[in-house]
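One structure is given here, and the rest of the page talks about it.
Derivation of every value follows stated rules applied to the coordinates shown; laboratory data play no part. The model shown is predicted, which means the values in this text are computed figures rather than measured ones. A quick note on method: Cβ atoms are made from the backbone with ideal geometry, for glycine too, and the neighbour counts reach across all protein chains shown.
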Amino acid sequence: MATSHPAVSGKDGDVRLAVRAQPGAKVSQVLGLHGDRLKIAVQAPPVDGKANAALCAFVAAWLGVGKRAVVVGAGETSRDKRLDIAADLALVLAKVAPHSAPP
């Protein structure tokens with residue numbers, strides 16, 4: 001397992017994930033790296049916070065943590081966001097590691 005990833009920082013229980021969101025996609029999925037951010041597509045449109053809620057719910061399900069464990073820490077109205085995740089750093093790194101190379 002990788003010990004670091006450009007999109008992941010923090011410590012156990014307080015992990016930060018740098019994300020490039022792509023709202024309005026056909027399918028919610030992790031697309032790979034976009035610079036030093038993890039690019040994630042979500043089906044919800046960027047209206048009234050729906051895409052942010054869908055992004056947090058998708059990442060929580062993808063990581064296998066509760067929905068409340070993932071919140072938008074920065075970038076509410078931007079495609080570039082920082083997600084704050086209450087999870088083990090090793091868990092997040094293990095899930096993100098396969099997406100270390102740009103698409």
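Can you give the relative contact order of the stretch 8-98 as a percent, counting alpha carbon pairs under 8 Å and 6+ residues apart?
Normalised by residue count, the contact order of the stretch 8-98 is 33 percent.
Which value, in debye to the nearest 20, describes the size of the charge dipole of the stretch 8-98 about its Cα centre when Lys and Arg Cβ atoms bear +1, Asp and Glu Cβ atoms bear -1, and nothing else is charged?
On the way: 13 positive and 8 negative charges, 48 e Å.
Here the stretch 8-98 has a charge dipole of around 240 debye.
Can you tally the net charge around His99? Count Lys and Arg as +1, Asp and Glu as -1, for every other residue whose Cβ sits under 15 Å from the Cβ of His99. Walk me through the numbers before you get to the answer.
Numbers: positive: Arg20, Arg37, Lys39, Lys95; negative: Asp36.
Net of charged neighbours comes to +3.
Check Asp88: other-chain or 5+ apart residues with amide H under 5 Å from its amide H, H built from backbone geometry?
Gly13
At what distance in nm do the modelled label points of Asp36 and Ala97 sit from each other, each positioned 7 Å from its Cα along Cα→Cβ?
The answer from the label model is 2.2 nm.
Counting only trypsin sites (Lys or Arg not before Pro) that sit in a DSSP loop (anything but H, G, I, E, B) with at most 16 other Cβ atoms within 10 Å, what is the longest stretch of the chain containing none of them? It would help to have the intermediate numbers written out before the result.
On the way: sites that count: Lys26, Arg79.
With a cap of 16 other Cβ atoms within 10 Å, the longest stretch comes to 27-78.
Just grab the label-to-label distance for Ser78 and Ala90, each label 7 Å out from Cα along the Cβ direction, in nm (one decimal).
Each label point lies 7 Å from its Cα, and together they span 3.3 nm.
Among Ala44, Ala74, Ala57, whose mean-square fluctuation peaks in a Gaussian network model of the chain (Cα, cutoff 10 Å)?
Ala74
Please list, ordered by chain and number, the residues whose modelled amide H lies under 5 Å from the amide H of Lys39; skip anything fewer than 5 residues away on the same chain.
Those lying under 5 Å, H to H, from Lys39 are Arg20, Leu31, Gly32, Leu33, His34.
Once phi is turned into ³J(HN,Hα) by the Karplus curve 6.51 cos²θ - 1.76 cosθ + 1.60 with θ = phi - 60°, what whole-Hz value does each residue of the stretch 89-99 show in order, with x for glycine and proline?
Computed from phi, the couplings for the stretch 89-99 are 4, 4, 4, 5, 4, 5, 6, 7, 3, x, 9 Hz.
Please list, or write none, the lysines whose alpha carbon is within less than 23 Å of the alpha carbon of Lys50, excluding same-chain residues fewer than 8 places away.
Leaving aside lysines fewer than 8 places away in the same chain, those within reach of Lys50 are Lys26, Lys39, Lys67, Lys81.
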